[in-house]
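Below is one structure; the comments refer to it alone.
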Amino acid sequence: MPLLEIKNLTLDLAFQGATARVVEDVSLQIDSGETVCLVGESGCGKSLTALSIARLVPTPPARYAGGQILVGGQDVLGMSRAELRRLRGRVVSYVFQEPTASLNPVFRVGSQIKESLRLHRPEAATDLEVSRLLKVVGISAPESRMRAYPHELSGGMQQRVMIAMALASQPSLLVADEPTTALDVTVQAQIFDLLRNLKQEFRMSLFLITHNLGVVRDLADRVAVMYAGQIVEHGPADAVLRKPRHPYTKALVNSVPKLGSSEQSLKVIPGQVPRLGAFPQGCRFHPRCGRVRPNCSVETPGLDEAQPNHQVRCPYWIRDAAGFDE
Ligand SMILES: Nc1ncnc2c1ncn2[C@@H]1O[C@H](COP(=O)(O)OP(=O)(O)OP(=O)(O)O)[C@@H](O)[C@H]1O
Ligand SMILES: [Mg+2]
């Protein structure tokens, strides 16, 4: 049984008097010990998908409009408050983008980690365990660091503390939502190294949202690409990155400058990110697609099998024997 199974998840969000379908028919699976990455432009629904795993999206304004989320075979959308409390922490833990938003500025970091232990593993709420967790996340001199207040630590250190708090409950699944966006590049690389080691050491499953395709290549077993609330491509990370099928995935991969090329900046994908609640008819990517055909504004493509375990929401690469390769 997979650790996590999201089946046809659909989420509506009420805003400004209207309702928008922000996540539509999203299916994903994470097995034990596996790392799955979710990528896509800002606002496409990645965080809402990730938060849904532990039913953390507030309802209202949101409404689960369809689908199922199974964690260890248990239906999250049908769980009682008590069951949800057990799920959050013990089974699924989160690391968010902004440590400053999640750490309480008035408490020492050690006591915040201890609080997390008290909640989930009360028998282990000791200085010794706090110090061990700080060491696990690569913080040296943990005995003195645990007495520090968050503002006395660098951004990278704060993010390590956040990860220690998430690990305190010994979760089976760690969900990391752009855990390094607020950090500089060197520190980002250190945090990703840490995640890679942790996942190996604890055989934890990792659901990672990131904009960094290099990290996807390094860490992910599988990758899902999201566009305007839908998954447009999903498959083994190396296959998707080496030979992307969907024109949007191609554009994303092409937006990363090749190592050693003279081009330094990311290429921008032309066109506007579709506005929430105003998704184009037919294929949602068609107004920005370099390969657009007359049918694309009419027919709504399904997510179809391109190769075994590799799905694409675009029928045309299949009809072209050679795909969309230039
Ligand atoms: N509380 C809210 N009220 C109104 N709109 C919201 C709310 N939360 C999310 N949204 C909207 O829902 C859509 C999906 O949001 P989500 O946070 O999942 O995007 P994302 O892919 O994580 O983006 P980013 O890369 O910027 O984090 C966005 O258009 C966002 O503006
Ligand atoms: Mg987000």
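The values are calculated or read from the model by the stated rules, or taken from the named source; none is laboratory data. The model shown is predicted, which means the values in this text are computed figures rather than measured ones. Heads up, the Cβs are rebuilt from the backbone with ideal geometry, glycines too, and the neighbour counts pull from every protein chain shown.
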Residue satisfying condition, being buried (at least 23 other Cβ atoms within 10 Å of the Cβ) and within 16 Å of ligand 1 (Cβ to nearest atom), within set V240, V161, V232:
V232
Answer yes or no: is there a residue in region 91-109 that is surrounded by 21 or more Cβ atoms within 10 Å (Cβ to Cβ), of a type in the set (K, R) and either assigned to a helix (DSSP H, G or I) or touching a Phe, Trp or Tyr at 6+ places or on another chain (Cβ under 9 Å) (or both).
no
Can you spot a residue in region 18-27 that is β-branched (V, I, T), more than 16 Å from ligand 2 (Cβ to nearest atom) and buried (at least 17 other Cβ atoms within 10 Å of the Cβ)?
no
Cβ-Cβ distance below 8 Å, separation of 6 or more or different chains: which pairs start in region 170-184 with a residue that is touching a residue at least 12 places away in the same chain (Cβ under 8 Å) and farther than 14 Å from F96 by Cβ and end on one that is within 16 Å of ligand 2 (Cβ to nearest atom) and of a type in the set (F, W, Y)?
L173/F207
Let me spell it out: the conditions are (1) away from ligand 1 (no atom under 11 Å from the Cβ); (2) in contact (Cβ under 8 Å) with a residue 40 or more places away in the chain, and K46 meets all of them except one. Which number is the exception?
(1)
Residue satisfying all of: in region 1-11; part of a loop (DSSP other than H, G, I, E, B) and surrounded by fewer than 18 Cβ atoms within 10 Å (Cβ to Cβ); nearest to ligand 1 (Cβ to nearest atom) among these:
P2
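So that you can scan it fast, the table gives a plain yes or no per residue for (1) at pLDDT 90 or above; (2) within 17 Å of Q190 (Cα to Cα); (3) among the aliphatic types (A, V, I, L, M):
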residue	(1), (2), (3)
L117	yes, no, yes
R132	yes, no, no
V136	no, yes, yes
E152	yes, no, no
I163	no, yes, yes
Filtered residues of region 32-51 (kept if away from ligand 2 (no atom under 13 Å from the Cβ) and either modelled with pLDDT of 95 or more or crowded, with 19+ Cβ neighbours inside 10 Å (or both)):
E34, T35, V36, C37
Please work out which residue is surrounded by the most Cβ atoms within 10 Å (Cβ to Cβ), limiting yourself to region 164-217 and to residues that are of a type in the set (D, E) and more than 16 Å from ligand 2 (Cβ to nearest atom).
D193
Scan region 7-50 for residues that are over 22 Å from H310 (Cβ atoms), of a type in the set (S, T, Y) and in contact with a Gly (Cβ under 9 Å, 6 or more places away or on another chain) and jot them down.
T10, T19
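From the list A14, A54, exactly one residue is assigned to a strand (DSSP E or B), farther than 23 Å from T300 by Cβ, modelled with pLDDT under 95 and of a type outside the set (D, E). Which is it?
Working: A54 fails: assigned to a strand (DSSP E or B).
It is A14.
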In region 274-287, what residues are surrounded by fewer than 19 Cβ atoms within 10 Å (Cβ to Cβ) and outside any loop (DSSP other than H, G, I, E, B)?
P287
